1. Condition first: of a type in the set (S, T, Y), open to solvent by less than 90 Å² (accessible area, probe 1.4 Å), part of a helix (DSSP H, G or I) and at pLDDT 75 or above. Can you find one or more residues in the range 41-51 that meet it?
2. Name every residue in the range 52-77 that is open to solvent by 70 Å² or more (accessible area, probe 1.4 Å), of a type outside the set (K, R) and not in a helix (DSSP H, G or I), in order of residue number.
3. Quick one: how many residues across the range 109-131 are outside any helix (DSSP H, G or I) and either in contact with a His (Cβ under 6 Å, 6 or more places away or on another chain) or open to solvent by 60 Å² or more (accessible area, probe 1.4 Å) (or both)?
4. Looking at the range 160-171, I want the residues that are free of Cβ contacts under 8 Å to residues at least 60 places away in the same chain and have a partner that is of a type in the set (V, I, T) and buried (at least 19 other Cβ atoms within 10 Å of the Cβ) with Cβ atoms under 7 Å, at least 6 apart or on another chain. Which pairs are those?
5. Scan the range 169-192 residue by residue and report those that are outside any loop (DSSP other than H, G, I, E, B), open to solvent by 60 Å² or more (accessible area, probe 1.4 Å) and touching a helix residue (DSSP H, G or I) at 6+ places or on another chain (Cβ under 9 Å).
6. Any idea which of (1) open to solvent by 60 Å² or more (accessible area, probe 1.4 Å); (2) over 30 Å from A167 (Cα atoms); (3) out of contact with any Lys or Arg (no Cβ under 6 Å at 6 or more places or on another chain) is the one R92 doesn't satisfy?
Amino acid sequence: MGDYKKKNGTTRVGDALRWLVKQGKEVAPELLSVVGSVTGIEQLKDLASKIGSDDKLSEADKQLLLEELRYDMIEMQESTKRWVADISHELRTPLSIASGELEAMIDGVREVGITNLQSAHSEIKHLNRLVDDLYQLSNADIGALNYVFETLDLAKVLENETRGLDALAQKSGLTIHCDFPSKPCVIHGDLDR
């Protein structure tokens, strides 16, 4: 069948279809138009059905495409597993911080004051933003998140974040000490992301 090799950044089945076309094989136009927009498992399943019913492809070519499609499905499933693990970690962090801060106030380790309540509230707002992001991702293609870039002082951002970890560290018998630069460390970024 020749030397077919997958290219980085594309689906294996898409590369295989393009390879078949370069070899002079006749491929149904609807296959070529669909393959560039595959972003999910359901679309891969639909593509498998179209490949199976394409009477212009030989059985050997169908087998090549279906095997490459199988690899694409495996890669997509593995990517989804990594994404879920990353998201669960991202959700667990603000929950742990807010919970630790509130427990420390309940236990009398930290004073119930406006600063400590604002810190816990900040973590809950962060958690809400993460949940909003999940909702956006479930309704749109990845990459459709809206970013609001602004000029930020990275030292101040890190100082605020570490301040939020103090209660959790104290509960574990740890102390956080950070030396932040006296000069601003200016970046262009999205504070919420």
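The values are calculated or read from the model by the stated rules, or taken from the named source; none is laboratory data. Since the structure is predicted, the reported quantities are computational estimates derived from the model, not experimental observations. Please note: Cβ atoms are built from the backbone with ideal geometry, for glycine as well, and neighbour counts cover all protein chains shown. Each accessible area value is taken on the protein alone, full model and side chains, heavy atoms only, with ligands, DNA and RNA left out. Shrake-Rupley method; radii C 1.70, N 1.55, O 1.52, S 1.80 Å.
1. As a first pass, look at the range 41-51 and keep what is of a type in the set (S, T, Y): 49.
Still in the list and also open to solvent by less than 90 Å² (accessible area, probe 1.4 Å): 49.
Keeping just the survivors that are part of a helix (DSSP H, G or I) gives 49.
Narrowing the set further to residues that are at pLDDT 75 or above leaves 49.
Checked the range 41-51: at least one residue is of a type in the set (S, T, Y), open to solvent by less than 90 Å² (accessible area, probe 1.4 Å), part of a helix (DSSP H, G or I) and at pLDDT 75 or above.
2. D55
3. Residues meeting the conditions: 3.
4. Hits for this filter: zero, empty list.
5. Q170, K171, V186, I187
6. Among (1) open to solvent by 60 Å² or more (accessible area, probe 1.4 Å); (2) over 30 Å from A167 (Cα atoms); (3) out of contact with any Lys or Arg (no Cβ under 6 Å at 6 or more places or on another chain), the lone unmet condition for R92 is (2).
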